[in-house]
Amino acid sequence: MRMSGSAVIRIIDGDELNLGYSFNGGVIMRLFAIVILGIVLSACGAPKENSGADVRAEIEQANTQWMGAFKDGDIEKLAKMYTEDTRLLPPNAGVLEGRAAVRQVFGGMMDAGIRVELSTQNVESLGDTAVEIGRAKVIGPDGGLLDDGKYLVTWKKTSTGWKMHRDIWNSSLPGKDAASG
């Protein structure tokens, strides 16, 4: 089926403006094919996004740096691993905001001689955002296990790498009431 016609624009008051050329269905189909081909070819040249495996490796590396800063008691390095508008959601507490909260929560743990071991279980990459689910062990100064828990971190890709944006964690151990009976 071939379509034919002419390019006409209707003006608001009902007058018509003839653009002075005509077309048929074959021309439209060729134009459509050229536009689609252009879109496909431009997508092929688009920069490659990080694969999920690349993002996971980068986040695992950031976690290694986090654990190193924690072990070394370097609270400033640890705080800089979070976005400025970070939110912490620790167990049995309200939402804490900003790097000052990072310094307060984790600085106290560092001062107590506590160590934390993180283990990434899953990472989902969503462009400049990633969501990590992991396990955490909290080790006391005497080497005893204080807590075995899980965490969920929302990461943001910045010009200086991945930074923790939202951090929530809680225990997998039974509560004191459940343990006592």
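The values are calculated or read from the model by the stated rules, or taken from the named source; none is laboratory data. None of the values given here were measured: they were computed from a predicted structure. Every residue, glycine as well, gets a Cβ built from its backbone with ideal geometry; the counts of neighbours run over all protein chains shown.
Looking at region 60-78, I want the residues that are on the phi < 0 side of the Ramachandran plot and have a partner that is part of a helix (DSSP H, G or I) and of a type in the set (Gly, Ala, Ser) with Cβ atoms under 6 Å, at least 6 apart or on another chain. Which pairs are those? Within 6 Å, the pairs are Ile75/Gly107; Lys77/Ala69; Leu78/Ala69. Only residues that are outside any strand (DSSP E or B) and of a type in the set (Asp, Glu): list them for region 97-132, please. Within region 97-132, Asp111, Asp128 meet the criteria.
Taking Gly94, is it surrounded by 11 or more Cβ atoms within 10 Å (Cβ to Cβ) and not in a strand (DSSP E or B)? No.
Report whether or not Leu89 is over 17 Å from Glu58 (Cα atoms) and either in the same structural domain as Glu58 (by TED's automatic domain parsing) or of a type in the set (Phe, Trp, Tyr) (or both). The answer is yes for Leu89. Residues that are surrounded by 16 or more Cβ atoms within 10 Å (Cβ to Cβ) and more than 15 Å from Tyr82 (Cα to Cα) do occur in region 121-133. Of the residues making up region 142-178, those that are out of contact with any strand residue (DSSP E or B) (no Cβ under 6 Å at 6 or more places or on another chain) and either in contact (Cβ under 8 Å) with a residue 60 or more places away in the chain or acidic (Asp, Glu) (or both) are Asp142, Thr158, Gly161, Asp177. For region 57-70, what are the residues that are of a type outside the set (A, V, I, L, M) and either out of contact with any strand residue (DSSP E or B) (no Cβ under 9 Å at 6 or more places or on another chain) or loosely packed, with under 13 Cβ neighbours inside 10 Å (or both)? Residues satisfying the conditions are Gln61, Thr64, Gln65, Gly68.
When the residues of region 73-91 are filtered to those that are of a type in the set (A, V, I, L, M) and outside any helix (DSSP H, G or I), the one that is nearest to the chain's Cα centre (by Cα) is Met81.
Under the condition of being closer than 22 Å to Ile75 by Cβ and either over 21 Å from the mean Cα position of the chain (by Cα) or surrounded by 15 or more Cβ atoms within 10 Å (Cβ to Cβ) (or both), the residues counted in region 143-169 number 16.
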